[in-house]
Amino acid sequence: MHITLEADYAVRIVHCLAAAKGQRMDAKAIAECTGVTLRFSLKILRKLVTGGLVNSFKGTHGGYELASQPE
């Protein structure tokens, strides 16, 4: 089975958000945590938000978090 690089990065991002234990993370922190470039992280995060896996929040206390508990 072959997995695309984008899918691999998406799994890394979801894992990083799950490890944050409900804390919001900004895109820059997610990019640093996963080793994915910021630009590509934003692209994948947009798809994860559209798919309902991740919630996004705007503003100074904004960021990203998982839409449901990782369990």
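Bear in mind that the values in this text are calculations on the coordinates, not laboratory data. On a predicted model such as this, the values are computed, not experimentally measured, just so you know. As a convention, Cβ positions derive from the backbone with ideal geometry for all residues, glycine included, and neighbour counts pool all protein chains shown.
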Problem - Theoretical FRET efficiency, 1/(1+(r/R0)^6), r = Cβ-Cβ of residue 1 and residue 58, R0 35 Å, to 0.05 - result: 0.40
Exercise for the section: Count neighbours as other Cβ atoms within 10 Å of each site's Cβ, and list the trypsin sites (Lys or Arg not before Pro) in segment 1-60 that are DSSP loop with at most 13 such neighbours. Expected result: 21, 58
Completion exercise
Reduced to Cα centres, the span from segment 26-71 to segment 1-24 in Å works out to 9 Å
Handout entry: 3J(HN,Hα) from dihedral phi, segment 23-31, Karplus parametrisation 6.51/-1.76/1.60, rounded to Hz, x for glycine, proline
Key = 7, 6, 10, 7, 4, 5, 5, 5, 4
Completion exercise
Per its Cα gyration tensor (rounded if a/c is under 1.5, else prolate when a/b beats b/c, else oblate), the chain is best filed as prolate
